[in-house]
Amino acid sequence: MEEIRENEHFQELVNKVSLRVENDEFSISHDEVEDETLFALLEYYNDRHFSPKDDELYEPIYEGIIIKLAISAIAKRGAEGETSHAEGGVNRGYDNASDYPLSLTRKIIPLAKGVGK
């Protein structure tokens, strides 16, 4: 995982998530943004069965979804595993108990693997 963290493309992705998080005024450190982005990326690999390369950590068409997955996980902090959450008079509902909304994960089309001989 350390090699992913040090990858230039990954750091660009983290910077994009950081900018969005700053605009939404979340209280989160850069390291935590990096962690959530890494988890979203790994979840993406698990769902897609994509094999990253040094020059391609993810398929560019999925960059926006990966960013949204990371932001969704950050926004759901404190409500992990819940389908609804109420705090300070604010009620929130989620489409599932996962950190990642089904509306985003459904947009990730799994890659088929070849059958061995």
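Only the coordinates and a few stated rules stand behind these numbers; no lab work does. Not measured: the values here are computed from a predicted model. As a convention, Cβ positions derive from the backbone with ideal geometry for all residues, glycine included, and neighbour counts pool all protein chains shown.
Numbers below:
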{"read-out": "Reciprocal of mean inverse Cα separation for the range 54-107 (Kirkwood radius, Å)", "value": "12.4"}
{"read-out": "The range 1-72: trypsin sites (Lys or Arg not before Pro) in DSSP loop, at most 10 other beta carbons within 10 Å", "value": "none"}
{"read-out": "Cβ-placed point charges (K, R +1; D, E -1), dipole of the chain about Cα centre in debye, nearest 20", "value": "760"}
{"read-out": "Over the chain, relative contact order from alpha-carbon pairs under 8 Å, at least 6 apart, %", "value": "25"}
{"read-out": "Where GluC sites (Glu not before Pro) fall in DSSP loop in the range 1-44, at most 10 other Cβ within 10 Å", "value": "Glu6, Glu25"}
{"read-out": "Cβ charges +1 (Lys, Arg) and -1 (Asp, Glu), total dipole of the range 23-66, debye", "value": "260"}
{"read-out": "Per-residue HN-Hα couplings for the range 75-86 [Karplus 6.51, -1.76, 1.60; θ = phi - 60°; Hz; x = Gly/Pro]", "value": "5, 8, 4, x, 10, 4, x, 9, 9, 8, 8, 10"}
{"read-out": "Estimated translational D of the range 8-73 in µm²/s (Stokes, Kirkwood radius over Cα pairs; 20 °C; 1.002 mPa s)", "value": "180"}
{"read-out": "The chain, helix-only ellipticity at 222 nm - DSSP H runs n ≥ 4, -39,500 (n - 2.57), divided by all residues, nearest 500", "value": "-14500 deg cm²/dmol"}
{"read-out": "Choice from Ile66, Ile28, Ile74 with maximal GNM fluctuation in the chain (Cα, 10 Å cutoff)", "value": "Ile28"}
{"read-out": "Rounded, prolate or oblate (a/c below 1.5 giving rounded, otherwise prolate when a/b exceeds b/c) for the chain by Cα gyration tensor", "value": "oblate"}
{"read-out": "In nm, spacing of pseudo-spin labels at Glu87 and Arg48 (7 Å Cα→C-beta vector)", "value": "3.1"}
{"read-out": "Neighbour-limited loop hits for chymotrypsin sites (Phe, Trp or Tyr not before Pro), the range 15-83 (at most 15 other Cβ within 10 Å; DSSP other than H, G, I, E, B)", "value": "Phe26"}
